[in-house]
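The values are calculated or read from the model by the stated rules, or taken from the named source; none is laboratory data. The model shown is predicted, which means the values in this text are computed figures rather than measured ones. Every residue, glycine among them, receives a Cβ derived from its backbone with ideal geometry; neighbour counts consider all protein chains shown.
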Amino acid sequence: MTGNSQVVIIQDSGLKNKGYIDLIARNHDVRQININDVTHEDVANVKLIIIQVNLIDPNSILPLKRIMAMPERRNIPALFLLQEFSRREIVQATTLGAADYTLYPCPKDDFIHLIDTLINNEKGKAWEKLSPAQEEALKVSLKVVEKTFHNASKGLEVSQVEVKDSCNLIIEATAKDGLTDWMNAIRFHHDYTYRHSMMVCGYLVSFGMLLQVRKTDLQKLAVGGMMHDIGKAMIPLSILDKPSELTNSEQKTIDK
């Protein structure tokens, strides 16, 4: 054991790209454990847990629930490596308590930056600076954005009331406590599209307040910012958030 921080990697028996392990081992102590063999001691006193299993396989979910519910794991961030970046995988990872998730393989520099961010708990530090009003606005609005994009992608009803109510929380929090800490916390959200939508919403609210626009118009600005990319809900996330260059076929999907 060296003085480096420890990273635990939980895997199943499936064949997956594991090139990232050597990258992490350059700066951290790495332990690999099969999903069915994880004990309480395995997840105690570590800096990061990386989970690389088939989230579509029901046989993986039960042991993962057991692991994620361990008291020793409660304050340890868990990074999920997704195989397809499908909405089903994302929902599973989020439900299980992922601190973040990413499609893997991905660019090495992006992966190392993500690992360092999680180990240094930059996201947690940013959230700790939020006032109660800012934290409530961020939690509620992120859930509303995710739900709205999901419903739009499935052709389901989009709740205008939920969108407007969440925007009102953002307006109230910004008026009371400002925008800086709220925006810093948003920067750590794992999904670019949601992060971008929330940041545009925040900037428009701040701009509207600077111009002293009426509250009804301020709400319209907030809703417009939050929903301006709603058309992207029809584009598969595997294409929308792809870190590398799009193929001709993928670009045609974007251009539709």
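Descriptive notes on the structure:
- Residues (surrounded by fewer than 16 Cβ atoms within 10 Å (Cβ to Cβ) and either of a type in the set (Val, Ile, Thr) or at pLDDT 90 or above (or both)) located in region 120-135: Ser131, Pro132
- Boolean, Lys139 is free of Cβ contacts under 8 Å to residues at least 12 places away in the same chain, assigned to a helix (DSSP H, G or I), of a type outside the set (Asp, Glu) and not assigned by TED's automatic domain parsing to the domain that holds Pro77: yes
- Among the residues making up region 186-199, those that are crowded, with 17+ Cβ neighbours inside 10 Å and touching an Asp or Glu at 6+ places or on another chain (Cβ under 8 Å) are Phe188, His190, Asp191, Thr193, Tyr194, Ser197.
- Some residue of region 148-155 being crowded, with 18+ Cβ neighbours inside 10 Å and of a type outside the set (Phe, Trp, Tyr): yes
- Restricting region 173-184 to residues that are in a helix (DSSP H, G or I) and either assigned by TED's automatic domain parsing to the domain that holds Asp100 or within 14 Å of Val200 (Cα to Cα) (or both), the residue that is farthest from the chain's Cα centre (by Cα): Thr174
- Some residue of region 82-96 being surrounded by fewer than 19 Cβ atoms within 10 Å (Cβ to Cβ), at positive phi and at pLDDT 85 or above: no
- For region 189-205, the count of residues that are in the same structural domain as Glu135 (by TED's automatic domain parsing), hydrophobic (A, V, I, L, M, F, W, C) and farther than 21 Å from Ala175 by Cα is zero.
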